[in-house]
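Q: For reference, the structure I am asking about is given below.
The values are calculated or read from the model by the stated rules, or taken from the named source; none is laboratory data. All of these numbers come straight from a predicted model, not from anything done at the bench. The accessibility values were calculated without ligands, DNA or RNA, using every heavy atom of the protein model including side chains. Shrake-Rupley method; radii C 1.70, N 1.55, O 1.52, S 1.80 Å.
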Amino acid sequence: MNTSPSKLGNIESKYFDNLFNNRLINSLPYLFWMYELIGGDYKLIKWNKNFETVTGYNAEELFHMSTFDFFSKDPNVIRRLSKTIKDGFKKGSANIYVNLRVKSGKLIPYYFEGYTYNDDQKYFLGIGVDASEMAELKNNLLSLKKEKETILRKNNKLKRELLTYTIEFEEIKKLKQLIENKLKELHKYNKKEDILTEINQIQKEIKNLYIDKDYWEIFKLRFNNINPSFFKELKSKFPDLTKTELQYCAYLKIHLSTSQIASILNISKEGINKKRYRLRKKIGCNKKDCLEEFIKQF
């Protein structure tokens, strides 16, 4: 059979085109695939060497496989894939993150991106990129998020406990003051020597109760569990801050009211205002309500 020069040129052209296409797709570092829509199913008709290497199937096996043979049989996965392919034919392109099931049964996270092509037949072709590192990163981020949420819940619990402890301490101080006042009245109106001696002894014992010091040490210990670098950073930035001023900053950090702080520090509200004014001067804060914002950064 003779072939005209023009026909021979067309045959050579197609041969070299196919050769070039094969070399091109085999040079891709990704999976390349091409499906043809046949009788309502998608049959794999073209792929690159990476596809065989990754999936573990040889060319003969691949030729008889359909789209869903490479994925989990989970109905939810099949529904997602079906929807993605339908969307692809409707819009011209589609993408999906899904686990690729290889011959050994192992599932590998992959990102697939496909495009439709219509000749006399309908085709769906595209690439698949190993998304294992991305999946690992996502899992790490989820773990970090859960860890952060756990720490946040723990810190919130500690904050509630700290606030409760502070309020209880405030009540104890009030009770101590009330007892001292009652003892003074009893001392004033009782003249019996044995009773006076007993009252004096009780007064001494109450005065020897260092509840202020004990409270602050316990408070500081619990506070440092939530804000381990608070005092260190504050003192480093503003070394002239006094112990009482550092205490005041800590109380602002847990959102105590002016009256609560005044009671704990055993000073008047006027004294708190003066302390607040001096503190603002030391940190260079001119606005009246800037202290709370300033404390947030530590």
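Q: Given contacts defined as C-alpha pairs under 8 Å and at least six residues apart, what's the relative contact order of region 219-288, whole-number percent?
A: Details: 23 pairs, mean separation 19.4, N = 70.
Worked out over region 219-288, it gives 28 percent.
Q: Still on this structure, I have one more. Heavy-atom accessible area per residue, region 29-80, 1.4 Å probe: how many Å²? Show your work: numbers first, answer last.
A: Working: 2850 Å² over 52 residues.
For region 29-80, the solvent-accessible area averages 55 Å² per residue.
Q: Quick one: of LYS91/LYS145; LYS220/LYS296; LYS232/LYS281; LYS174/LYS235; LYS103/LYS145, which pairs are farther than 28 Å apart, Cα to Cα?
A: Flagged as over cut-off: LYS91/LYS145; LYS174/LYS235; LYS103/LYS145.
Q: Using alpha-carbon pairs under 8 Å, 6+ residues apart, how would you state the relative contact order of region 98-162 in percent?
A: So the answer I get is 21 percent.
Q: Here's a follow-up. What percentage of the solvent-accessible surface of region 104-165, computed with a 1.4 Å probe over protein heavy atoms, is contributed by carbon and sulfur atoms?
A: Heavy-atom surface of region 104-165 belonging to carbon and sulfur, 1.4 Å probe: 55 percent.
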